[in-house]
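Engineer: Shown below is the structure under consideration.
The values are calculated or read from the model by the stated rules, or taken from the named source; none is laboratory data. Just so it is clear, the structure is predicted and the values come from calculations on it, not from any experiment. Ideal geometry is used to build each Cβ from the backbone, glycine not excepted, and the neighbour counts take in all protein chains shown.
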Amino acid sequence: MGEIADAITPLLDNSPINFHNLFCGNVIERLRALKAIGSLIKISSKLKGETGALFELLSAPATKVLDRWFESEPLKAVLATDSVIGAMLSPYMQGSGYVLLHHVMGEVEGKKNAWGYAEGGMGGVSQAIARAAESYGASLHTDCGVSQILVREGRAVGVRLGDGTEILADVVLSNATPKVTFLDLLEEGTLSENFESHIRSIDYTSPVTKINVALRGLPNFSQHLPNAASGSPSPHHQCTIHLNCESTQLLHDAYLPALSGRYSSRPMLELCLPSSLDPTLAPPGCHVASIFSQYTPYHLEGGWTQEARERYAEVVFDSIEDYCPGFKGLVVGKEVLTPPDLERIFGLTGGNIFHGAMSLDQLYLSRMSYLSPAYSSPVPGLFLCGSGAHPGGGVMGSPG
């Protein structure tokens, strides 16, 4: 899988082939399209005898691939979690193989298949981008949402803020989802009905509820990995901790209730303690936990009332307590972010963390739509630079 990931990673950093430009564009546009074809040829040569394996990964369930390579059920299940992260999928379903591959392609500072913590939390990434932009003369407007993308004489010329302020620009880049960008921020009638239909058909189904927790101490997984006498974090505290993942069948069982508007009593959980590596996140002796949980439907039976949020948090904490006795006693505060919360607070349509499902029908030429693939849009001067554009989700800077 590593060889396949190495071969196709350049595909993520290059624009998809624009067939319209290839056949109907000007000389420069045709040359760019030919360059994209050249990249595909290079990828094919790198794959050599692995082309069949790539096709299988793109089309098969993750379990089919993992069963061939591994015998340990807990190991297969932990690896299978990467095949369903952020996706309303079971690892037994077609399409999960690509999601697994997408996560394997990640790297941090040249180290492949690695994930990293940003000092100060994920907001540190945003702050770093903001500082870099300001160093080049950018002006930042915060705490003021965009109410409309301005289009004049058929071209995007700027944005209107919530307070009515208009900011004009030669180019408008949108890091919002395709739905927000094209259906919420553009004036009605700007786009063709055909293009709007494509945008409306994007699948934003999300299984994710994120729970952020403040802890008065370091969790102790005493049954298997008791804390050090010094009280300092151990290696397992500094990694992703997978719970309710002893078998791929458990993951599948957690998925099934979501189809009928419910959640499992044993949700799939990924827990990490970023404060075990970054002391800036919590006072001395205290910690913060980030809990990524699946599968929770956007349209929960009975709705996501405050009581429903509390009940779900209790289910999650009970699961953690099974592995880490005393965890609930460490909790001093929590934030429960269900799919509707992720949509309302962060603008993630449907609560989908990838700005749209990472299914084969929504990748490459079809991300965001084959009518306008990659980053361009039917509106001159308006481009997409978020995860709804090729190559999709993840903190990597490739879209756009």
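Engineer: Quickly run through the range 129-143 and pick out the residues that are surrounded by fewer than 11 Cβ atoms within 10 Å (Cβ to Cβ) and touching a strand residue (DSSP E or B) at 6+ places or on another chain (Cβ under 9 Å).
Structural biologist: Once the filter is applied, which keeps residues that are surrounded by fewer than 11 Cβ atoms within 10 Å (Cβ to Cβ) and touching a strand residue (DSSP E or B) at 6+ places or on another chain (Cβ under 9 Å), the range 129-143 yields only Ser139.
Engineer: Right, next: Pairs only if they're at least six apart or on different chains, beta carbon under 7 angstrom, first in the range 136-160 and touching a residue at least 60 places away in the same chain (Cβ under 8 Å), second of a type in the set (Gly, Ala, Ser) and part of a strand (DSSP E or B); list them, first residue then second.
Structural biologist: Ile149/Ala156
Engineer: Met396: farther than 30 Å from Arg152 by Cβ, of a type in the set (A, V, I, L, M, F, W, C) and surrounded by fewer than 19 Cβ atoms within 10 Å (Cβ to Cβ), yes or no?
Structural biologist: yes
Engineer: When the range 214-257 is examined, which residues are found to be surrounded by 15 or more Cβ atoms within 10 Å (Cβ to Cβ), farther than 21 Å from Ala313 by Cα and of a type in the set (Gly, Ala, Ser)?
Structural biologist: The one that is surrounded by 15 or more Cβ atoms within 10 Å (Cβ to Cβ), farther than 21 Å from Ala313 by Cα and of a type in the set (Gly, Ala, Ser): Ser234.
Engineer: Please go through the range 1-43 and give me each residue that is exposed (fewer than 13 other Cβ atoms within 10 Å of the Cβ) and touching a strand residue (DSSP E or B) at 6+ places or on another chain (Cβ under 8 Å), ordered by number.
Structural biologist: Passing the criteria: only Gly2.
Engineer: I would also like to ask the following. Report yes if Asp203 is out of contact with any strand residue (DSSP E or B) (no Cβ under 8 Å at 6 or more places or on another chain) and at pLDDT 95 or above, otherwise no.
Structural biologist: Numbers: out of contact with any strand residue (DSSP E or B) (no Cβ under 8 Å at 6 or more places or on another chain): yes; at pLDDT 95 or above: yes.
So Asp203 passes the test.
Engineer: Next question. Under 8 Å between Cβ atoms, at least 6 apart or on separate chains: pull out the pairs that start in the range 46-75 with a residue that is surrounded by 16 or more Cβ atoms within 10 Å (Cβ to Cβ) and of a type in the set (Lys, Arg) and end on any residue that is in a helix (DSSP H, G or I) and at pLDDT 80 or above.
Structural biologist: Lys64/Glu56; Lys64/Gly97
Engineer: While we're here: Answer yes or no: is there a residue in the range 271-292 that is among the β-branched types (Val, Ile, Thr), touching a residue at least 60 places away in the same chain (Cβ under 8 Å) and assigned to a strand (DSSP E or B). Let's see the steps before the verdict.
Structural biologist: Taking the range 271-292 first, the residues among the β-branched types (Val, Ile, Thr) are 280, 288, 291.
Of the ones still in play, those that are also touching a residue at least 60 places away in the same chain (Cβ under 8 Å) are 280, 288, 291.
With assigned to a strand (DSSP E or B) added as a condition, the list becomes 288, 291.
There is at least one residue in the range 271-292 that is among the β-branched types (Val, Ile, Thr), touching a residue at least 60 places away in the same chain (Cβ under 8 Å) and assigned to a strand (DSSP E or B).
Engineer: I've got another one for you. Is it true that some residue in the range 303-315 is of a type in the set (Val, Ile, Thr), surrounded by fewer than 21 Cβ atoms within 10 Å (Cβ to Cβ) and touching a Cys at 6+ places or on another chain (Cβ under 7 Å)? Spell out how you get there, then give the answer.
Structural biologist: First pass over the range 303-315, keeping only residues of a type in the set (Val, Ile, Thr): 305, 315.
Then keep just the ones that are surrounded by fewer than 21 Cβ atoms within 10 Å (Cβ to Cβ); that gives 305, 315.
Going one step further and asking which of them are touching a Cys at 6+ places or on another chain (Cβ under 7 Å), we end up with none.
Looking for residues that are of a type in the set (Val, Ile, Thr), surrounded by fewer than 21 Cβ atoms within 10 Å (Cβ to Cβ) and touching a Cys at 6+ places or on another chain (Cβ under 7 Å), one finds none in the range 303-315, hence no.
Engineer: Here is a check on your reading of the model: is Gly164 exposed (fewer than 14 other Cβ atoms within 10 Å of the Cβ), outside the structural domain of Asp278 (by TED's automatic domain parsing) and modelled with pLDDT of 90 or more? Reasoning before the result, please.
Structural biologist: Values: exposed (fewer than 14 other Cβ atoms within 10 Å of the Cβ): yes; outside the structural domain of Asp278 (by TED's automatic domain parsing): yes; modelled with pLDDT of 90 or more: yes.
Against the criterion (exposed (fewer than 14 other Cβ atoms within 10 Å of the Cβ), outside the structural domain of Asp278 (by TED's automatic domain parsing) and modelled with pLDDT of 90 or more), Gly164 qualifies.
Engineer: Follow-up question, since we're still on this one. Do you know which of the residues in the range 100-150 that are closer than 30 Å to Lys76 by Cβ, outside any loop (DSSP other than H, G, I, E, B) and modelled with pLDDT of 80 or more is nearest to the chain's Cα centre (by Cα)?
Structural biologist: Checked the range 100-150; the qualifying residue nearest to the chain's Cα centre (by Cα) is His102.
Engineer: Still on this structure, please answer the following. Could you say whether any residue in the range 166-177 is among the charged types (D, E, K, R), farther than 30 Å from Tyr323 by Cβ, assigned to a loop (DSSP other than H, G, I, E, B) and free of Cβ contacts under 8 Å to residues at least 60 places away in the same chain? Spell out the reasoning first.
Structural biologist: Narrowing the range 166-177 to residues among the charged types (D, E, K, R): 166, 170.
Right, trim to farther than 30 Å from Tyr323 by Cβ and you get 166, 170.
From what's left, assigned to a loop (DSSP other than H, G, I, E, B): 170.
Imposing the further condition that a residue be free of Cβ contacts under 8 Å to residues at least 60 places away in the same chain reduces the set to none.
Checked the range 166-177: no residue is among the charged types (D, E, K, R), farther than 30 Å from Tyr323 by Cβ, assigned to a loop (DSSP other than H, G, I, E, B) and free of Cβ contacts under 8 Å to residues at least 60 places away in the same chain.
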